[in-house]
Amino acid sequence: MHWLKVTVCLSICALLFGTLAAARENKFGVMDKYTVSFVDPVRVGDTLLPKGDYEIRHTMKGEEHIMVFRQMRTSKPIEVSAKCTLVPLPEKASDTQTFYVMNAANERVLQELVFKGDSVKHVF
């Protein structure tokens, strides 16, 4: 009887842990919330974000994927939304990566974000 109680308890714990872990990813296999640090100002869409730390939320607007960047650790945070496309990766990302291009004004323009553990990249 003791073994049965232990087995049931362990099964319930495993189920709860699996449910909590799965709740952090959406149906596209990406996390709903990320953080990123920009060491230089970065243009996201039409907005030039100052260097610093940002919370990023992956949201949906109909069928469109939207990344919402919100500045952290400031009294008046900047918030900007940008459409993105999810592009499958051949395997889960082993590291977080940020890709930029330089525009005519010599500003970094965000092109792609890849987050560790995701199976897709976010292309802007």
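Scanning region 26-59 for residues that are surrounded by 12 or more Cβ atoms within 10 Å (Cβ to Cβ) and among the hydrophobic types (A, V, I, L, M, F, W, C) returns F28, V30, M31, V36, F38, V42, V44, L48, L49, I56.
For region 93-118, how many residues meet the condition of being on the phi < 0 side of the Ramachandran plot and not in a strand (DSSP E or B)?
Our first condition is that a residue be on the phi < 0 side of the Ramachandran plot; within region 93-118, this holds for 93-105, 107-116, 118.
After this cut, where a residue has to be not in a strand (DSSP E or B) as well, the list is 93-96, 103-105, 107, 115-116, 118.
Going through region 93-118 one residue at a time, the tally reaches 11.
Of R70, R57, all but one fail to be at pLDDT 95 or above, closer than 19 Å to F124 by Cα, in a strand (DSSP E or B) and in contact with a Pro (Cβ under 7 Å, 6 or more places away or on another chain); the exception is R70. Scanning region 73-82 for residues that are assigned to a loop (DSSP other than H, G, I, E, B) and surrounded by fewer than 14 Cβ atoms within 10 Å (Cβ to Cβ) gives R73, T74, S75, K76, P77.
Evaluating T85 against the criteria (1) in contact with a Ser or Thr (Cβ under 7 Å, 6 or more places away or on another chain); (2) surrounded by 12 or more Cβ atoms within 10 Å (Cβ to Cβ) leaves one unmet condition, (1).
Where the second residue is open to solvent by 60 Å² or more (accessible area, probe 1.4 Å) and assigned to a strand (DSSP E or B) and the first is under 14 Å from L49 (Cα atoms) and small (G, A, S) and lies in region 59-77, which pairs have Cβ atoms under 9 Å and are six or more apart or on separate chains? Pairs that qualify, where the first residue is under 14 Å from L49 (Cα atoms) and small (G, A, S) and the partner is open to solvent by 60 Å² or more (accessible area, probe 1.4 Å) and assigned to a strand (DSSP E or B): there are none. Name every residue in region 75-110 that is of a type in the set (K, R) and more than 17 Å from the chain's Cα centre (by Cα), in order of residue number. Hits for region 75-110 are K76, R108.
Between F124, F69, F99, which is of a type in the set (F, W, Y) and open to solvent by less than 40 Å² (accessible area, probe 1.4 Å)? It would help to see each step written out before you state the result.
Numbers: F124 fails: open to solvent by less than 40 Å² (accessible area, probe 1.4 Å); F99 fails: open to solvent by less than 40 Å² (accessible area, probe 1.4 Å).
Selected residue: F69, the only one of F124, F69, F99 that is of a type in the set (F, W, Y) and open to solvent by less than 40 Å² (accessible area, probe 1.4 Å).
The values are calculated or read from the model by the stated rules, or taken from the named source; none is laboratory data. Just so it is clear, the structure is predicted and the values come from calculations on it, not from any experiment. Reconstructed Cβ throughout: ideal geometry from the backbone, glycine too, with neighbour counts over all protein chains shown. Please note that ligands, DNA and RNA were not included when accessible areas were found on the heavy atoms of the full protein model with its side chains. Shrake-Rupley method; radii C 1.70, N 1.55, O 1.52, S 1.80 Å.
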